[in-house]
Amino acid sequence: MKLLPHHRAHDARHLIQRWRMLARETGCKVRTLCTVDGLPVIVIESAAAQSGAPAAYLSSGVHGDEPGSAWGLLMWAEKHARELKSGSFLIAPCLNPVGLTLNTRADHRGIDINRRFHDAEDAICGPWQRWITGKAMRFGLCLHEDYDAQGIYLYELNHARQTKGHDVIDKCSRVIAPDPRTNIDGQRARGGVIRRRTMPTHLPGMPEAIELHVRGCPVTMTFETPSEFDLDRRVRAQVRFIEAAVEALGES
C-alpha cells in the first residue's frame, strides 16, 4: 500500500495541517517562526522540551525538491506519537514550505537557505536562530535527499572516538542499500557514511547541521535518500533512519 499519494508530495498546506493535528494529540506546542508567501514556517516543541529537558532536534524540508524527507519525518512522528508525548523533541517539519510547493531547492526568494543558517537577518534562518538559541540538544538529525545519490548515505559530525553512522546505515539498508561510492560531494565515504570530526571551512555559507554544532549540539547526522528512487521507498528509508538514529544516539 502506498504511504503517500504522489499528488500530495508537494502539498505543504496539507503537511502543515497534519502536524498541527498531531501536535494537538500529543500535547506538543506549535510555534510559527514566520510566514512566507502565505505559508507558515512552523516548529514543534514536545512538552518535555518546553520544560527544558535536553532535546533531540529533527528537521526536514530545507530544500523543497526533497519531499521524501518532509513526509518521512511526519510519518515517523505519527507512528511514534507516544514517544512524542513522553520524550524531549524540537522539530522543524518544513523550513521551506514555498520551495516544497514549487518543487524547487530554493526558497521563495530563490535562495538556498542551507547556506544561510548563520545569518541572523535572514527571513527564515533569523527566526530559526532566535527559536533555537539557548535550547539544550542531545543530537540533531537533518533530513535531505540527493538526486545524484546511488543509495542512502549520511554525514556525521561527531567528536566522539567511535562513529554511530555505520550502525544506523545498516539498519536502513533493507529499505534502500547504502551508496557504494567512496567519494561523495568531494568527501571520503565508506559504506554510505561520511565522518567529520572537525567542521569544514571551505563552504560559502553555514548549513543547518554545522550551525547546530556551533550552538552546542554534540553530534549531528545529515541523512540523504536518492531522490530518483521511488517516493514511498524513500519515505520508508527516512522513517527507518530516524528510528535507528534516535535509538543509537539516545544511548550516547
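The values are calculated or read from the model by the stated rules, or taken from the named source; none is laboratory data. The model shown is predicted, which means the values in this text are computed figures rather than measured ones. Heads up, the Cβs are rebuilt from the backbone with ideal geometry, glycines too, and the neighbour counts pull from every protein chain shown. Just so you know, the surface numbers come from the protein's heavy atoms only, side chains and all, with ligands and any DNA or RNA stripped out. Shrake-Rupley method; radii C 1.70, N 1.55, O 1.52, S 1.80 Å.
Does any residue of segment 104-118 turn out to be of a type in the set (D, E, K, R), more than 23 Å from P204 (Cα to Cα) and at pLDDT 95 or above? Scanning segment 104-118 turns up no residue that is of a type in the set (D, E, K, R), more than 23 Å from P204 (Cα to Cα) and at pLDDT 95 or above. Could you tell me whether R138 is in a loop (DSSP other than H, G, I, E, B) and charged (D, E, K, R)? Answer is no for this residue.
The residues in segment 71-112 that are closer than 17 Å to I16 by Cβ and β-branched (V, I, T) can be counted, and the count is 3. Inspection of segment 33-46 identifies at least one residue that is under 26 Å from T133 (Cα atoms), free of Cβ contacts under 8 Å to residues at least 40 places away in the same chain and either of a type in the set (D, E, K, R) or assigned to a strand (DSSP E or B) (or both). Only a single item in (1) over 17 Å from the mean Cα position of the chain (by Cα); (2) closer than 16 Å to I242 by Cβ; (3) not polar (S, T, N, Q) is not met by L58, and it is number (1). Taken as a whole, segment 51-60 holds at least one residue that is part of a loop (DSSP other than H, G, I, E, B), under 18 Å from R18 (Cα atoms) and either small (G, A, S) or open to solvent by less than 50 Å² (accessible area, probe 1.4 Å) (or both).
Only residues that are farther than 24 Å from I44 by Cβ, in contact with a strand residue (DSSP E or B) (Cβ under 7 Å, 6 or more places away or on another chain) and of a type outside the set (D, E, K, R) were counted in segment 122-154, giving 5. Total residues in segment 123-135 satisfying the condition of being assigned to a loop (DSSP other than H, G, I, E, B), open to solvent by less than 70 Å² (accessible area, probe 1.4 Å) and of a type outside the set (V, I, T): the figure is 2. Annotation: of all residues in segment 155-170 being open to solvent by 60 Å² or more (accessible area, probe 1.4 Å) and at pLDDT 95 or above, the one that is nearest to M137 (Cα to Cα) is D167.
Checking each residue in segment 223-246 for being open to solvent by 20 Å² or more (accessible area, probe 1.4 Å), touching a residue at least 40 places away in the same chain (Cβ under 8 Å) and out of contact with any Asp or Glu (no Cβ under 7 Å at 6 or more places or on another chain) picks out E228, F229, R233, R236, R240, E243, V246. Residues that are part of a strand (DSSP E or B), under 20 Å from G216 (Cβ atoms) and not hydrophobic (A, V, I, L, M, F, W, C) within segment 151-194 comprise Y155, E156, N158, listed in sequence order.
Restricting to segment 17-38, name every residue that is buried (at least 19 other Cβ atoms within 10 Å of the Cβ), farther than 16 Å from W71 by Cα and in contact with a Pro (Cβ under 9 Å, 6 or more places away or on another chain). Within segment 17-38, just L33 meets the criteria. For segment 73-122, a residue qualifies if it is open to solvent by 20 Å² or more (accessible area, probe 1.4 Å), hydrophobic (A, V, I, L, M, F, W, C), assigned to a loop (DSSP other than H, G, I, E, B) and out of contact with any Asp or Glu (no Cβ under 7 Å at 6 or more places or on another chain), and the qualifying residues are I111, A120. None of L102, L84 is under 17 Å from the mean Cα position of the chain (by Cα) and of a type in the set (A, V, I, L, M, F, W, C) except L84.
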